[in-house]
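Structure first, then comments.
The values are calculated or read from the model by the stated rules, or taken from the named source; none is laboratory data. Everything numeric in this text was worked out from a predicted model, so none of it was measured. As a convention, Cβ positions derive from the backbone with ideal geometry for all residues, glycine included, and neighbour counts pool all protein chains shown. Accessible surface areas use protein heavy atoms only, side chains included; no ligands, DNA or RNA. Shrake-Rupley method; radii C 1.70, N 1.55, O 1.52, S 1.80 Å.
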Amino acid sequence: MTQLVEIVLPVPLVQVFSYRFLPEQDSGGKASLEPGDLVVVPFGRRREVTGLVVKVADLAPDVRQVGGVKLRDVTRVLPPEYRITGDRMRLARWMAAYYVLPLGEVIPLFHPPSPGTRARGTGKDSSQSPYPDVDPQDITLTAAQDRAVQAAEKIMASRSFGALLLHGVTGSGKTEVYLNVISLALAAGRGAIYLLPEIALTPQTLSRISARFGDRVAAIHSGMSAGQRCRVHEQAARGEIQVVVGPRSALFAPVHDLGVIIVDEEHETSYKQDEKPRYHARHAALIRGRENRAVVILGSATPDLESMVNALDGRFELLELPDRMGGTLPGVEVVDMRGGGNPEGFTPALTKAMTQTLDQGRQVILYYNRRGFARVLQCADCGEVIMCPHCDIGVTYHLRPRRLLCHYCGFSRQIPETCPDCGAEEFLPAGGGTEKVELNLQAHFPDARILRLDHDTTRRRGSHRRILTAFAKGEADILVGTQMVAKGHHFPKVGLVGVLAADDGLGLPDYRAAERSFQLLTQVAGRSGRTEAGRVIFQTWRPDDPVIQAAAAHDYAAFLAEETPVRKALGYPPYNRLLRLGVISRRSGLAEEAARQLAEAVRANLNGPGLEVLGPAPAVFPRLKDRYRFQILVKGTLGKKEKEWLGECLRSFKEGFRGVDVIHDVDPVSMY
Ligand code: ADP
Ligand code: ZN
């Protein structure tokens, strides 16, 4: 039967597009299409675009056009494993409405790139590792772990939706809880999705999971080819595997009858996708959990304030794992830098602690959240900073290779002979970076083996993992790096963590600056003393800052008590919702005018009780990559009607203003 099919496509328009389906074509044996089928169609000049069938009707075979428009034909139908139905379809619709996106732009999340691609090779990936796992038979859950597992079991047994917030420091046994709950789900014939930040998907973690669930589990990660991802997708869809592990994209895997969804390190900002479609995987996980009447477990040592407030308000059940397995948390010493010194320098206290730790044959981690050798180069005469020609930002001085580099657009240039402003010939490096810390270390500890972990040393595929593995195996004495050192591996031999410029993140123009700083400091401190007693030193110019103090005391409650009143008073999340609108153009006048008009329209229409529109104002970075950027912020909760209006408004705005990009970010995590 020839059909008229309505298809949504990943293009920024809400319309559905009509196509003709002739079953004698490459239909994979299908006689007719149904809503939920994925198909490949030509669109504009593109020959192959994957779309979702949302509606079908019979069509007389000789009808060639509809409403004066010539119908094009469906090229190909994807195998049944790629159909989007049931809970996944409802999740897709929820996401489209909540994040104000056309359904077509959400759909690509629900299938791997180039669906149907054949997997090459054996399908075995690097997740196989030599690390042995503790035999689960040898583990008796602690009382706190047992309470958490039972709470999850109760929710699953009642076939209702429920969310747990598992608050426990690193090494407190959260993973053991997840594995036990997944086992219970499998025993009940249900499936599981286990989300981890990409960076935590180490061979250790993966082998620990596969040691428990064998061939019932498969992982998705960035090291896999499209073919391998397709294979996992198809296996899940056929019910051949019941557990899928991966970063945020794994949430959309077609696992049958989910019993549990785990979001580990739930505070990680990588759960928010910062490009279209901008969605938060933690929020989406709660929705998918609700659709499946499943239990959703959010786990963290430093829960996102939003999750904690949800727990304290009774929407989530709060479970604490207060103690580290077989160990204590390291003592943190706060060293006051106000007497002088460089951010990238070592105080006598830190030098002494490093010497002692190395003498004991243990390892040191140094954390400094800036890369390069110097933050900027400054003319010694006139004081001008060398700027990026494309961004309103100074370029960073790198030694290897010796160049000035813009961290925002990638622009790179040689060191100029003379100052572009005054012609003087001398420049001074200002502010430090990890390259400089590495050189300082070599000077102070000439015998130590040093590894550096930052964006510059991890450009090549696999280098990130290689550096971490080398350090974990004890092939180096000191690991210096940016926030990459705070996450991932378990380093049993680390006896000291030094944090340089611990207050660096506190001054950022972002309402979450304090929260991010607290989380990072707590996390990096937690790298010390995993097996034996360890030490931590924070070097800081703000030793009395409550965030520094709370992190030094491993005191989440103190941080919570400090931060929540501030958020409440300023009307920020979790006590309010935010919508960020960015207006971007190559022409500054055009960007400004468009932002003004958009703000006016938004003010006129989103003016209900509890709504407040701020701006337009230049963004925190007013020019990046030759584009001028303005920002509008809406505080308050938008209802269904208001979101529909917004979708309509953005669409007509984009049509009306050529040369202007408008981005909208519902529940933004980054304010830049
Ligand atoms: P987290 O996920 O909170 O970092 P893990 O679950 O990885 O913590 O536990 C830390 C270590 O303690 C692991 O080596 C794990 O095998 C071990 N462990 C966890 N629970 C128990 C237990 N009940 N008895 C003995 N060892 C345990
Ligand atoms: Zn730039």
- Item | Listed residues HIS455, GLY481, ALA552: farthest to the positive end of the dipole of the chain (Cβ charges) | HIS455
- When the helix-only estimate is applied to the chain (DSSP H runs of n ≥ 4, each -39,500 (n - 2.57), divided by the residue count), what is the mean residue ellipticity at 222 nm, nearest 500 deg cm²/dmol? -9000 deg cm²/dmol
- By how many degrees, 0 to 90 and rounded to 10, does the Cα axis of helix 226-237 deviate from the longest principal axis of the chain? 60 degrees
- Message: Compute the distance from the alpha-carbon center of the range 371-450 to that of the range 55-92, in whole Å.
- Response: 56 Å
- Query: Given H placed on each backbone N at 1.01 Å, which residues far from LEU258 in sequence or on other chains put an amide H within less than 5 Å of it?
  - Reply: GLY191
- Message: Shape verdict for the range 246-307, please, from the Cα gyration tensor: rounded (a/c under 1.5), prolate (a/b greater than b/c) or oblate.
- Response: oblate
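Taking a ≥ b ≥ c as the square roots of the Cα gyration tensor eigenvalues, with a/c under 1.5 meaning rounded and otherwise prolate when a/b beats b/c, else oblate, which class fits the range 578-666?
It comes out prolate by the Cα gyration axes.
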- Measure nothing but the geometry: give the 0 to 90° angle between the long axis through the Cα atoms of 434-444 and the longest principal axis through the Cα atoms of the chain, rounded to 10°. 30 degrees
- Message: For the range 604-631 and the range 137-187, what is the centre-to-centre distance using only Cα atoms, to the nearest Å?
- Response: 43 Å
- Item | Cut-off under 5 Å, modelled amide H: who pairs with GLY168 long-range | SER300, ALA301, LEU321
- Query: Quick one: accessible area per residue over the range 140-321, 1.4 Å probe, rounded to a whole number of Å²?
  - Reply: 32 Å²
- What Rg and what Dmax come out for the chain when only alpha-carbon atoms are used, in angstroms? 26.9, 87
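Take each of the peptides 51-58, 101-108, 294-301, average the number of other beta-carbon atoms within 10 Å over its residues, and list them starting from the highest.
Ranked by mean Cβ neighbours within 10 Å, highest first: 294-301, 101-108, 51-58.
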- Message: Counting other C-beta atoms within 10 Å, and keeping those with at most 10, which DSSP coil trypsin sites (Lys or Arg not before Pro) do you find in the range 329-362?
- Response: ARG338
- Task: Kindly express, to the nearest 10 degrees and within the range 0 to 90, the angle between helix 174-187's C-alpha long axis and the longest C-alpha principal axis of the chain.
- Result: 20 degrees
- For the chain, with +1 on Lys and Arg beta carbons and -1 on Asp and Glu, the positive-most of PRO277, GLY29, VAL437 along the dipole: GLY29
- Task: Rounded to whole Å and ordered largest first, report the semi-axes of the equivalent ellipsoid of the range 194-240 derived from its Cα gyration tensor (root of 5λ).
- Result: 18, 15, 8
- How big is D, in µm² s⁻¹, for the range 474-519 by Stokes-Einstein at 4 °C and 1.567 mPa s if Rh is the Kirkwood radius over C-alpha pairs? 102 µm²/s
- Note on the structure: Quick calc of log₁₀ I(q)/I(0), the range 525-654, Debye, one scatterer on every Cα, no solvent, q values 0.14, 0.17 1/Å, result -0.80, -0.92
- Taking only C-alpha positions in the range 3-85, Rg and Dmax in angstrom work out to 11.8, 35
- Item | Residue-normalised accessible area of the range 3-85, expressed per residue, 1.4 Å probe, Å² | 52 Å²
- Item | Derived scalar couplings ³J(HN,Hα) [the range 529-545; Karplus, 6.51 cos²θ - 1.76 cosθ + 1.60; whole Hz; x for Gly, Pro] | x, 6, 10, 10, 3, x, 10, 9, 10, 9, 8, 8, 8, 10, x, 9, 4
- Query: Per-residue HN-Hα couplings for the range 459-467, Karplus 6.51 cos²θ - 1.76 cosθ + 1.60 at θ = phi - 60°, whole Hz, x for Gly and Pro?
  - Reply: 5, 7, 3, x, 5, 4, 4, 4, 5
- Task: For the range 140-321, compute Rh as the Kirkwood radius over C-alpha pairs and then the Stokes-Einstein diffusion coefficient at 4 °C and 1.567 mPa s; write the answer in µm²/s, rounded to an integer.
- Result: 80 µm²/s
- Task: First compute the accessible area of the chain with a 1.4 Å probe, then give the percent of it belonging to carbon and sulfur atoms.
- Result: 50 percent
- Message: Under the rule of at least 5 residues apart or a separate chain, name every residue whose amide H is placed under 5 Å from the amide H of ILE220.
- Response: VAL245, GLY246
